[in-house]
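Asks: Before we start, here is the structure in question, set down as structure tokens.
Every read-out reported here was derived from the displayed coordinates using simple, explicitly stated rules and does not represent laboratory data. Note that the coordinates shown come from a computational prediction; the quantities given were computed from them, not determined experimentally. Here the Cβ positions follow ideal geometry from the backbone for every residue, glycine too, while neighbour counts run over all protein chains shown.
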Amino acid sequence: MSKFLKDLLTLRWLNGRTAVISVPYVWLIGAFLIPFLIVARISFTEVDAGNPFGTLATYADGIVDIKIKVSNYLFIAADELYVLTYLSSLKYAAITTACCLLIGYPFAYFMARARPSLRPVLLMMVMLPFWTSFLLRIYAWKGILANQGILNHFLMSMGFIAEPLHMMNTSFSLVIGMVYAYLPFMILPLYTNLAKMDLRFLEAAADLGATPWQAFWRITVPLSKSGIIAGSMLVFIPAVGEYVIPELLGGPETLMIGRVLWDEFFTNNDWPMASSVTVVVILLILVPMAILNKYQAEQSEGGRK
């Protein structure tokens, strides 16, 4: 028996380093790659009422017949509804990301510069909403923004408005709900990055005559770029495919791709079409991420040189 077979049978190759590295790869392959390949396969099949997964290849009389259907992708590219829905999803995800950054950065900065004894309390305030059901929190916003809700009642009682403002089922209510839901995902990476920043850079900038505002824009913001990117990705990626918030707080003009996926899967029962929509959504997210990662790698290599 060869040495390779002996090592394979005795698992000598499975040392500690290999085991530690292989665990996340196995998880990523089993939880992400394999489901994506299954969805991609369904997207190229015909609708089959008896088999929602579709049939890609058939065998009869010694002949393997492979049928790959691409009409779903052609229809998505040509249909105005799908194109506008994709653009709407990207738009609201970008607005949510920008709002979370504008709100989250000052809060993360304040947390990172607060007294060490106060930081756990502030961190608890950020994480506290996760202790409550996501659905309950979104339904709470319905009670706040409704025509007879808490906010309108308060504004009318204070004399700011004479009649209720229409805030529910609008772009405003959708953005408010998404920003509220995803804001912690922006704050936490920024806080982690800012808390580790070397404050001696700011002291050196002050010694060289820089104002606090100049030091912030020229030192703090560039050094926190990795936290900004991480937080933006954590917000933007799930926001593109969000379904619950647009369904409960959005209106007809706020159609997003999550609702289209639901209709295709469960209303139309068209799994191939729904899978095609899913694959396009994933590609819309992966392509910018790949470009961003390439840019970061080039920046890192340039910095080392």
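Asks: With runs of 4+ DSSP H residues as the only contributors, calculate the mean residue ellipticity of the chain at 222 nm using -39,500 (n - 2.57) per run, divided by the residue total and rounded to the nearest 500.
Replies: Calculated from helices alone, the mean residue ellipticity at 222 nm is -21000 deg cm²/dmol.
Asks: Okay, moving on. Go through (i) 20.6; (ii) 23.7; (iii) 18.4 and flag the label whose value is the computed Kirkwood radius over Cα pairs in Å for this structure.
Replies: (ii)
Asks: If you don't mind, another one. Take each uninterrupted DSSP H stretch in the chain, measure its Cα extent along the helix axis, and return the ones at 20 Å or beyond whose mean Kyte-Doolittle hydropathy is at least -1.0.
Replies: Values: long enough: 80-113 (49 Å, 0.98); 171-195 (34 Å, 1.44); 225-240 (22 Å, 1.63); 271-304 (48 Å, 0.70).
Answer set is 80-113, 171-195, 225-240, 271-304.
Asks: If you don't mind, another one. Kindly give the semi-axes, whole Å and largest first, of the ellipsoid equivalent to the stretch 178-265, taking each as the square root of 5 times a Cα gyration tensor eigenvalue.
Replies: Details: eigenvalues 320, 28, 17 Å².
Ellipsoid half-lengths, sorted descending, are 40, 12, 9 Å.
Asks: Oh, and also: How charged is the neighbourhood of GLY250? Take every other residue with its Cβ under 11 Å from the Cβ of GLY250, and add Lys/Arg as +1 and Asp/Glu as -1. Walk me through the numbers on the way to the answer.
Replies: On the way: positive: ARG259; negative: GLU242, GLU247, GLU253.
Once all neighbours under 11 Å are counted, the net charge is -2.
Asks: What number of lysine-lysine pairs in the chain show an alpha-carbon separation below 21 angstrom, given a sequence spacing of 8 or more or placement on distinct chains?
Replies: 4
Asks: So what is the relative contact order of the chain, in percent, for Cα pairs below 8 Å that sit 6 or more residues apart?
Replies: Contact order relative to length: 25 percent.
Asks: Over the stretch 98-143, one equal point on each Cα, no solvent: what is log10 I(q)/I(0) by the Debye formula at q = 0.20, 0.27 Å⁻¹?
Replies: Result of the Debye calculation: -0.79, -0.96.
Asks: How large is Rg/Rh for the stretch 117-211, to two decimals, with Cα atoms and a Kirkwood Rh?
Replies: 1.18
Asks: Now a separate question. With the alpha-carbon atoms as the only input, what is the per residue convex hull volume for the stretch 123-279 in Å³?
Replies: Given the Cα convex hull of the stretch 123-279, per-residue volume reads 176 Å³.
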